[in-house]
Amino acid sequence: MYNSSLMALRPLVRSNSRSYAVKLTEHQAAIMARGLPKRERLRGVQDIIVVASGKGGVGKSTVAANFACSLAKLGKRVGLLDGDIFGPSIPLLMNVHDEPLVNRDNLMIPPQNYNVKCLSMGMLTPPDGAIIWRGPLVMSAIQRLLKGADWSPLDVLVIDTPPGTGDVHLSLTQHAPISGVILVSTPHTAAVEVTLRGAKMYEKLKVPIFGLVENMRYSTCDKCKHRMEFFRPDQSTKGLPKQLISLPLDAHIAECCEEGVPVVVKYPDSDYSELFKQLAQQISDTLDERRNQDLKASSNSSA
């Protein structure tokens, strides 16, 4: 059956030119769907927000950690899942290194810090160990972290994702409904182009995109408050979804990352923290508005 389905998807050669089927037949679609996981809501989790960017090194993990802590400061019950299997950084950023306990239902209990429940592959493997896995094992690990943990009760689960558009992103969207994606990018042309590809992937998967967090465009002097731009005016995030906030390259970021204390926790009155407060409030308001619209639609349909 497997071989016959592959044969059905192979291109047909006609008159030295190739033609491809535009749509799968019902039989082909049924075969491909058999191996897909069932998408279902996580028990006790209201919304799932993914922090993503096709490009590495643009600050996704820092944004994810500070965003999660900012949501917690608004009174939300928040979880933070590290979706980077090969390069987990949430244990360092959130200062959570202990291996999680397991309850009687064989579910991991995410350790908590700064009022945020955290879980990462970095808590389950030796710090100096290298994870050398192929795609199926990565997808299995994501499923275990996502569905094999007792997250309940949570208002929001924030998921920090690795660079690229591969197994982790596909597995997340297949296993659970994603409320929306926050994209992160610097204004560098290479980063923007790759982030745009990441945005297109989520659009094809029909996952809503909240908008973009532009990172590291500028820095502000602590003494004179002069703004120093790191990119030319023509280097912008044009073409990407709407900009939510623009974060500076803050002098305290490296210090806080090394100490395992997010900037919004150690320096709550800084301009950097204020921007994250705006982001958290904006996303929270969007989610509340969606729920109100769903309730109205539900009441109208039942009337």
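Values quoted throughout were computed directly from the atomic coordinates according to the rules given, and no laboratory measurement underlies them. Given the structure is predicted, the values throughout are model-derived calculations rather than measurements. Don't worry about glycine lacking a Cβ; one is built from the backbone with ideal geometry, like all the others, and counts go over all protein chains shown.
When S236, S273, S284 are checked against the criterion of being surrounded by 13 or more Cβ atoms within 10 Å (Cβ to Cβ) and within 17 Å of L93 (Cβ to Cβ), a single residue qualifies: S273. For the structure I just gave you, tell me whether G166 is within 18 Å of L71 (Cβ to Cβ) and surrounded by fewer than 22 Cβ atoms within 10 Å (Cβ to Cβ). Considered against the rule, which asks whether it is within 18 Å of L71 (Cβ to Cβ) and surrounded by fewer than 22 Cβ atoms within 10 Å (Cβ to Cβ), G166 comes out as no.
Among the residues of the stretch 239-252, is any in a helix (DSSP H, G or I) and within 21 Å of C69 (Cβ to Cβ)? Yes - at least one qualifying residue is present in the stretch 239-252.
Based on what the data block shows, is E289 closer than 26 Å to V96 by Cα and over 19 Å from the mean Cα position of the chain (by Cα)? Spelling it out, it is not the case that E289 is closer than 26 Å to V96 by Cα and over 19 Å from the mean Cα position of the chain (by Cα). Taking strands (runs of 3 or more DSSP E) as the structural unit, those lying wholly within the stretch 152-217 and holding at least 1 residues that are acidic (D, E) and either touching a residue at least 40 places away in the same chain (Cβ under 8 Å) or in contact with a Gly (Cβ under 6 Å, 6 or more places away or on another chain) (or both) correspond to 154-160.
Screening the stretch 253-286 for residues that are in a loop (DSSP other than H, G, I, E, B) and more than 22 Å from the chain's Cα centre (by Cα) and picking the one that is farthest from C221 (Cα to Cα) gives P268. When the stretch 66-95 is filtered for residues that are in a helix (DSSP H, G or I), of a type in the set (A, V, I, L, M, F, W, C) and buried (at least 22 other Cβ atoms within 10 Å of the Cβ), the ones remaining, listed by number, are F67, A68, C69, L71, A72, I90, L93, M94.
Does P126 satisfy being touching a strand residue (DSSP E or B) at 6+ places or on another chain (Cβ under 9 Å) and either assigned to a loop (DSSP other than H, G, I, E, B) or without any contact (Cβ under 8 Å) to a residue 40 or more places away in the chain (or both)? For P126, the condition - touching a strand residue (DSSP E or B) at 6+ places or on another chain (Cβ under 9 Å) and either assigned to a loop (DSSP other than H, G, I, E, B) or without any contact (Cβ under 8 Å) to a residue 40 or more places away in the chain (or both) - is not met.
Residues in the stretch 213-227 that are among the hydrophobic types (A, V, I, L, M, F, W, C) and exposed (fewer than 11 other Cβ atoms within 10 Å of the Cβ) were compared, and the one that is farthest from A52 (Cα to Cα) is C224.
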